[in-house]
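The values are calculated or read from the model by the stated rules, or taken from the named source; none is laboratory data. Please read these numbers as outputs of a predicted model, since none were measured by experiment. For neighbour counting, all protein chains shown are included, and Cβ atoms are generated from backbone atoms with ideal geometry for every residue, glycine included.
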Amino acid sequence: MHRFMRSRLRLASLSDYAIMHAFCFPEQPYRGDGGWLNMEKNVNTVAQAKTPEGETKLTPELTRFIEEWKARPGSLVMVLHRVQQTFGYIPRAVAFEIAKQLDQPLARIYGVITFYNFFRLKKPGRNLIQVCLGTACYLRGGDDVLRELEETLGISINSTTPDGEFSIEVVRCLGCCGLAPVMVINGEVYGKVETANLPNILAKYRERKD
C-alpha cells in the first residue's frame, strides 16, 4: 500500500473524540469512554469554551478581516486561510476567538480545520518542507525523496525537528508535473529532486537565520 495512504489510515484510526478533546479541553484528562464530551453542552456552546490565557490572540488586522467577511458565504474558510497565512498554523486560542467572532460552534471551526489537509493545528518549523506525492512525482521518486528527508531529519510526516528548524508535509500535485519529483521549502520550488542533493539543500536553509 502507498506509504502516504498508510500514514493517513493510521491517523484515521485515532479517536476523533480524543483528538478533539486535546484541542478544546487540554486541561481535562480524557477518560477514553467518551463520557467527558457532551457535544451539545461542551463544544457547541461557545460560551463554555474559554480562551486560554497567555496564548496567541487575534491581531487587530485579523479582527478587521473577520468583521469584513463574517456576513459573507464561505467566511469561515476565508478567515482560517488568513489566520494560517498570519501565524503559519491555526493557534488553539485563535480558534476559540474565531468561534466567538463568527458566532459559530467551536465544533464547526474544528471540523473545517481537520477536514482540509491545508490547515495545521501545530506550529510548523522555521523551514516548511512540502513533498509532492501526486501521481507524476510519486512515479518519479517522490516517495524516495520523502523517505530520505525523514531519515535525514529524524522526523516523520507532519512533524517538526526538536530544534524547530524543519517540518515535513506531503502535498498533492503542485502543478509542476514536468519537474517531478518536486518539493517546496518555504515557497521555493525544487524540481527533479535527487536524494543525493538533499543534504546541500537542507544545509542552505540551516545557514539562513532570516
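Taking the numbered list (1) farther than 16 Å from Cys137 by Cβ; (2) touching a residue at least 60 places away in the same chain (Cβ under 8 Å); (3) touching a Leu at 6+ places or on another chain (Cβ under 9 Å) in turn, Tyr205 passes all entries but (3).
So, restricting to helices (runs of 4 or more DSSP H) that lie completely within segment 60-128, which ones have at least 3 residues that are closer than 26 Å to Phe166 by Cα and either in contact with a Lys or Arg (Cβ under 8 Å, 6 or more places away or on another chain) or of a type in the set (D, E, K, R) (or both)? It would help to see each step written out before you state the result.
Values: elements: 60-69, 75-87, 92-102, 106-115.
Answer list for segment 60-128: 75-87, 92-102.
Phe115 passes every criterion in (1) of a type in the set (Phe, Trp, Tyr); (2) closer than 30 Å to Ile98 by Cα; (3) crowded, with 16+ Cβ neighbours inside 10 Å apart from (3). Sort through Glu67, Glu148, Glu165 and tell me the only one that's more than 20 Å from the chain's Cα centre (by Cα), within 30 Å of Lys204 (Cβ to Cβ) and modelled with pLDDT of 90 or more. When all the criteria are applied, what remains is Glu148. When Ile109, Ile129 are checked against the criterion of being at pLDDT below 95, buried (at least 20 other Cβ atoms within 10 Å of the Cβ) and aliphatic (A, V, I, L, M), a single residue qualifies: Ile109.
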